[in-house]
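The values are calculated or read from the model by the stated rules, or taken from the named source; none is laboratory data. Just so it is clear, the model here is predicted, and its values are computed rather than measured. Please note: Cβ atoms are built from the backbone with ideal geometry, for glycine as well, and neighbour counts cover all protein chains shown. Surface areas here come from the heavy atoms of the whole protein model, side chains and all, with no ligands, DNA or RNA. Shrake-Rupley method; radii C 1.70, N 1.55, O 1.52, S 1.80 Å.
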Amino acid sequence: MQPGLWVHTHVIDAWTDILNYEEKLKSNSIVNRYFYDTSMVRQFIFDKNIPFNERFDKFEANIKDAMKKDKELLTFEKVHLVFLPVHQKNHFYIICINLEEPVIDVIDNRNSVAKFSRAYRDAPNELKMTISFLQKILFSRYLMRVNHKSASTLEGVEPKRVNMNWCTRDNHVDCGIFCMCHMETYMGDKTVNWTCGLPKESKQQQSVLNDLRIKYLTKILLSDANTYRSKIIAQTAKFAKKTNEEIKDLLNKGWEKRGERI
């Protein structure tokens, strides 16, 4: 989570756990949301060498595993927005499926004034294939299996990119932080009422993004959903008693061994 570095998928996955935990604490929420982790959209889903039924069975198994066999969640009976964070070509973006309208939003911090089909013409053709396959084949088929009211209509929905004032042209490392911020704040209301707290691309935006790295890391570590919370607090208290030289030495060693922790 250090500024200037890409965010690892494990961090995004941990963040989805925190957000789902917080959703459960809400009472009588107008918009109920569910957040999948990045494992839902893996390359095997699109591997044509694997029989389709096998890929669908794996997709369905992922849904059941993610939702812990909770009946209401498995049928999406009380879920309004489904978030699918996607990691593709070292870039994070979000596919948000609104099961009430239904609408499919692509939330991507990359700046593009082009229409959806043009904005994702070249390398992002994979993005178009990703959305199409998830929407028209995997997700719609699953919704039909659980008799969801939006199963048939979702298949014909045209995905649309959400336009945001804080999109970026020159920032290529903070897409994970944008992704975390967008999942935290998006309620399906597009840009009319949606404010995520980010200014336009600038030094000020970069400063806010750096602060969010600290905020999100702290929230993940100290959340009641984190089973290691007590251990982390105890280690933090122990760390605080060390001298400046000891802290500097530990930080240097931690930086050197960062790859071993992933």
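Among the residues making up the range 232-251, those that are in a helix (DSSP H, G or I) and open to solvent by less than 100 Å² (accessible area, probe 1.4 Å) are Ile232, Ile233, Ala234, Thr236, Ala237, Phe239, Ala240, Glu246, Ile247, Asp249, Leu250.
Of all residues being assigned to a loop (DSSP other than H, G, I, E, B) and out of contact with any helix residue (DSSP H, G or I) (no Cβ under 8 Å at 6 or more places or on another chain) in the range 171-185, which is least open to solvent (accessible area, probe 1.4 Å)? Just the residue, please.
Step one: list which residues in the range 171-185 are assigned to a loop (DSSP other than H, G, I, E, B), which gives 171-174.
Checking the rest, the ones that are also out of contact with any helix residue (DSSP H, G or I) (no Cβ under 8 Å at 6 or more places or on another chain) come to 172-173.
On the way: His172: 125, Val173: 42 Å².
Out of the qualifying residues, it is Val173.
Give the residue that is farthest from Thr75 (Cα to Cα), with candidates limited to residues of the range 138-170 that are in contact with a His (Cβ under 9 Å, 6 or more places away or on another chain) and assigned to a loop (DSSP other than H, G, I, E, B). Filtering the range 138-170 for residues that are in contact with a His (Cβ under 9 Å, 6 or more places away or on another chain) and assigned to a loop (DSSP other than H, G, I, E, B), the one farthest from Thr75 (Cα to Cα) comes out as Met164. A count restricted to the range 186-215 and to residues that are free of Cβ contacts under 8 Å to residues at least 24 places away in the same chain and assigned to a helix (DSSP H, G or I) stands at 8.
Looking only at the range 216-232, residues that are without any contact (Cβ under 8 Å) to a residue 24 or more places away in the chain and more than 24 Å from Asp174 (Cβ to Cβ) come to 6 in all.
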